[in-house]
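Written below as structure tokens is the structure these notes are about.
The values are calculated or read from the model by the stated rules, or taken from the named source; none is laboratory data. All values derive from a computational prediction rather than experimental measurement. Here the Cβ is made from the backbone with ideal geometry for all residues, glycine too, and neighbour counts use every protein chain on show.
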């Protein structure tokens, strides 16, 4: 397996930076799940776009690719990965990245995203999004790897904040300071997972509003909303429940700060019927339009699409 990556060239970095355009505002969408394929394709659900898990479609053929092909013909999509391991000390998996590029070239997503984390070491994928120390050394490492990934993909990457349950005693900055500097130095975008901010804030006893208020306004291109499991002393990010009131409150604050940002609700377990997901998504629409009256719904290709 080819796991080596060459540092990004100065010329290509300048070209990528000059071509960087903010992704289109997509409106209100859902994480694409196989349980909903037939309902999506059998009707005209009022969902503006879908976020597809990259790894589910990085295969040479089969039903997942066929379904994504049909859904992509009707809806915008974003590719969202869970195994890039951008912060790992192991070499970048270039085979994986080239496969991701091929997928993106085929389906032309609005953008590609993954997480600020590591997912394994010594060739072992732990299938978890593990936190990193927020140090200057880690920042240099992550910046270098994002540069390499953007070089291979030929497009800016969007990075998501993760929920965490432990902290590193030798961290030298806050998570939000790390994210702000990372975006400044790489030109990458941010996927702001509002639920993850709330979970980490509770677990580590910081003010979630401070996190939201410190993130640069011009780098957030997507909001994630999800539910979690509250265990009194700690919260676990489970993506198997309704978005709780406290996360909705934080979402409203994020909308006030960042404006019209493409928003999805994620559900990874105990997945309800599509109609139930759409009912919850309608709450996000309502809260956002209460704050941003300029949002309106326009007809596009027979489908309702939120626009600002």
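A few comments on the model shown:
- Meets criteria (in contact with a strand residue (DSSP E or B) (Cβ under 6 Å, 6 or more places away or on another chain) and within 21 Å of residue 82 (Cα to Cα)) for residue 238: yes
- Restricting attention to the stretch 258-283, the residues that are more than 13 Å from residue 222 (Cα to Cα) and surrounded by 16 or more Cβ atoms within 10 Å (Cβ to Cβ) add up to 8.
- Just one of the numbered conditions (1) within 27 Å of residue 174 (Cα to Cα); (2) out of contact with any helix residue (DSSP H, G or I) (no Cβ under 8 Å at 6 or more places or on another chain); (3) free of Cβ contacts under 8 Å to residues at least 60 places away in the same chain is not true of residue 90: (3).
- Of everything in the stretch 95-115 that is out of contact with any helix residue (DSSP H, G or I) (no Cβ under 7 Å at 6 or more places or on another chain) and over 18 Å from residue 60 (Cβ atoms), the residue that is surrounded by the fewest Cβ atoms within 10 Å (Cβ to Cβ) is 108.
- Filter result (under 17 Å from residue 158 (Cα atoms) and in contact (Cβ under 8 Å) with a residue 40 or more places away in the chain) within the stretch 61-79: 76, 77, 78
- Among the residues of the stretch 102-117, those identified as more than 15 Å from the chain's Cα centre (by Cα) and either in a helix (DSSP H, G or I) or on the phi < 0 side of the Ramachandran plot (or both) are 102, 103, 104, 105, 106, 107.
- Scan the stretch 277-308 for residues that are modelled with pLDDT under 95 and either within 26 Å of residue 39 (Cα to Cα) or in contact with a strand residue (DSSP E or B) (Cβ under 9 Å, 6 or more places away or on another chain) (or both) and the total you get is 14.
- Residues that are closer than 29 Å to residue 41 by Cα, out of contact with any helix residue (DSSP H, G or I) (no Cβ under 7 Å at 6 or more places or on another chain) and either part of a strand (DSSP E or B) or modelled with pLDDT under 95 (or both), drawn from the stretch 236-276: 238, 239, 240, 241, 262, 264, 268, 269, 270
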